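One structure below.
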Amino acid sequence: MKIKLNGSEVTVPDGATIAEVIQGRLLAEGASVAVARSMEQVRKETPEFEVTTPHGSFVLELNASPLASKWKTLIQMLVGKTIRWKTSKVTAVGSFPTDVEVNRMPAHLRRFDCFLALGGFDANSTYLMIAQIDHEGVYGVANPVVARVTRGRHVLELLQEGDVVTKVEPVVMELTSRDAYATTDLAQRLEAGMSVETYVRLKLDPRSPVACEHLLVAAEKGYLPVSEKSQTFTAASNRMDVSLIKEHSEVRQKDMVTVRNQGPGMGRIYFYNVRRQVSPSHSTVGMVQTGRELVRLAPSGGRITIITDPARVMVVGLTQAQAAERLQARGLVQVRSGDAADDSIVVEQEPELTVHILEEKTVETFGVRPEKIVNWELFRDKAPNTIRYLEKISGLDHKPIGAIKVHFTFEDFPMISFEGEPSLGASIYPENFYEGKYYRGDLGITNMSRPNRGLVGLRLQDSDEFGPTGEEPTSTTLIGRMRSDIDLMMHGIREEDIIYFREVPPEPVPAKKKVKRAPAAEVAPQAVKAKPAAKPKARRKTE
């Protein structure tokens, strides 16, 4: 049997399931799939037809009578017929032959009723008539009403004798849940003629480079979560604590995608189902190319697989050699800086924004030795708000390796501190403070209760009194632990050095064994200095 898969016609075995058809391709885990019956089949079942004339169109809706069912198979005979006559009672279109039985019983008609009538009581001269007023008459057919004009009634007043019916089309306003639906059950069997959409393809708008990058980061896992649904739009709100700028805005057309750039809901991504006026608070980021039904049908709380054109350009975390290969495949030129060896790790790229990269065709990749990347385990379940702060100040929210500047360090000092962002630190409410012993390798951030809010710290010595930033426990959020060799980290490190770090998963816990919080593991060498940055702010008092 033949079906449509993401807009292309394919042949599949009869009764094939969704899983057999898509074979795991282009579908994010847990994402919805849109399934729709063929439009031809739906049109065959529609009760509404649009009749087009030189003065406009009107819609008639068939009733459930046996005569209407017969008329449905003949309705295309109206095409090319003229308005034969028009009186104060009726407008007649025709004629055409039918096999309707002759009956001389009178019929009661209401204004806008559509009914069949026989000229001279001869079925070979059948007319479709439209009642202009309520009346009773003998038209040669028993129970002659087959439909009723429901929309475009003003056109009836404009019709003149001799006007030609140019087109008659079934009306499909929107597929019903019986005809089209979204599902995550890939075991469902398909029928011939069905359409299956597994992803939404977006063509990005280069006039909004910041908003485009925001969308690319939000969809970096290959999907967007559906957080809000309305008749106007489908929205994703998975990345909203961001700072954006006003970029290109225009009238929000159907199938357009925008990002809110200011005010409540900043960062929310909108897929429009209908046209809406221009709003400076919405930056245009692209248009839906395929997957329109998936956008419309995906339920709130579900997921939609996203493919963007172009795809994001991000090589941070790759080796210099891997970055070169990936950039070359995109037709881009790599310029290496820092440690340029093939096996060095790219920790920064310039430009960062995909749109700017594709415009300039060149990417500078700054590399460091692999042993200079610090491994941090982060306690996301215990301190989500504070770790989100860390992601924002270090860049870990949009790239796989974060960067943080040394604020204060000194030989034999019991801790090392890294610069934060006090303005953002004002929102770090207390989380996961630990009233007990702090171990060498513990990572912490000063919360909003202290003047040095937002400061990041690493303990270099155990302490029964002070946390990683030198504050008391109630002022310190424990965010994780160092998984790299701390002794190597302290070798040659200076204030204003940049430390690069990546997040690593927790160490496995042995089965049926209770494990206490322990000092950092001495498992991998560290990251030391990289490029110097701006001079740090005034140093803080510590323990």
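Things to note:
The rows are residues; the columns are (1) part of a helix (DSSP H, G or I); (2) in contact with a Ser or Thr (Cβ under 9 Å, 6 or more places away or on another chain); (3) buried (at least 18 other Cβ atoms within 10 Å of the Cβ); (4) among the basic types (Lys, Arg).
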site: 4; (1), (2), (3), (4): no, yes, no, yes
site: 10; (1), (2), (3), (4): no, no, no, no
site: 25; (1), (2), (3), (4): no, yes, no, yes
site: 35; (1), (2), (3), (4): no, yes, yes, no
site: 50; (1), (2), (3), (4): no, yes, no, no
site: 67; (1), (2), (3), (4): yes, no, yes, no
site: 71; (1), (2), (3), (4): yes, yes, yes, no
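- The residue that is farthest from residue 395 (Cα to Cα), among those in the range 423-437 that are without any contact (Cβ under 8 Å) to a residue 40 or more places away in the chain and surrounded by 15 or more Cβ atoms within 10 Å (Cβ to Cβ), is 425.
- The number of residues in the range 144-159 that are under 27 Å from residue 100 (Cα atoms), outside any strand (DSSP E or B) and over 45 Å from the mean Cα position of the chain (by Cα) comes to 2.
- Just one of the listed residues (80, 94, 120) is among the small types (Gly, Ala, Ser), assigned to a loop (DSSP other than H, G, I, E, B) and at positive phi, and it is 80.
- When the criteria are applied in full, residue 359 meets the requirement of being touching a residue at least 60 places away in the same chain (Cβ under 8 Å) and either assigned to a loop (DSSP other than H, G, I, E, B) or surrounded by fewer than 18 Cβ atoms within 10 Å (Cβ to Cβ) (or both).
- Some residue of the range 331-342 being in contact with an Asp or Glu (Cβ under 6 Å, 6 or more places away or on another chain) and farther than 30 Å from residue 477 by Cβ: yes
- Subset of the range 362-391 (residues that are closer than 30 Å to residue 205 by Cβ and without any contact (Cβ under 8 Å) to a residue 60 or more places away in the chain): 362, 363, 364, 365, 391
Residue-wise test of (1) closer than 30 Å to residue 198 by Cα; (2) part of a helix (DSSP H, G or I).
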site	(1), (2)
300	yes, no
317	yes, no
363	no, no
387	no, yes
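- Every residue from the range 377-420 that is on the phi > 0 side of the Ramachandran plot and under 26 Å from the mean Cα position of the chain (by Cα): 395
- One residue from 219, 187 being hydrophobic (A, V, I, L, M, F, W, C), out of contact with any helix residue (DSSP H, G or I) (no Cβ under 7 Å at 6 or more places or on another chain) and outside the structural domain of residue 353 (by TED's automatic domain parsing): 219
- Within the option set 236, 211, 182, 187, being closer than 30 Å to residue 1 by Cα and crowded, with 21+ Cβ neighbours inside 10 Å holds for one residue only, 182.
- Any hit, the range 381-403, residues being among the hydrophobic types (A, V, I, L, M, F, W, C), touching a helix residue (DSSP H, G or I) at 6+ places or on another chain (Cβ under 7 Å) and closer than 15 Å to residue 468 by Cβ: no
- Residue 335 being surrounded by fewer than 21 Cβ atoms within 10 Å (Cβ to Cβ), under 27 Å from residue 204 (Cβ atoms) and of a type in the set (Val, Ile, Thr): yes
- In the range 148-177, the residues that are among the polar types (S, T, N, Q) reach residues that are modelled with pLDDT of 85 or more with C-beta atoms within less than 6 angstrom, at least six apart or across chains, in these pairs: 150/59; 150/61; 166/52.
- Test for residue 451: is it exposed (fewer than 14 other Cβ atoms within 10 Å of the Cβ) and either over 19 Å from residue 382 (Cα atoms) or modelled with pLDDT of 90 or more (or both): yes
- The residue pairs whose first member lies in the range 16-33 and is at positive phi, whose second member is in a loop (DSSP other than H, G, I, E, B), and whose beta carbons are closer than 6 Å, counting only pairs six or more residues apart or on different chains, are 26/198; 26/199.
- Failed condition for residue 129, given (1) surrounded by fewer than 17 Cβ atoms within 10 Å (Cβ to Cβ); (2) part of a strand (DSSP E or B); (3) not charged (D, E, K, R): (1)
- Residue that is nearest to the chain's Cα centre (by Cα), among those in the range 169-185 that are of a type in the set (A, V, I, L, M, F, W, C) and at pLDDT below 90: 180
The values are calculated or read from the model by the stated rules, or taken from the named source; none is laboratory data. Just so you know, these numbers come straight off a predicted model, no measurement behind them. Counting neighbours? That spans all protein chains shown, and the Cβs are built from the backbone with ideal geometry, glycine included.
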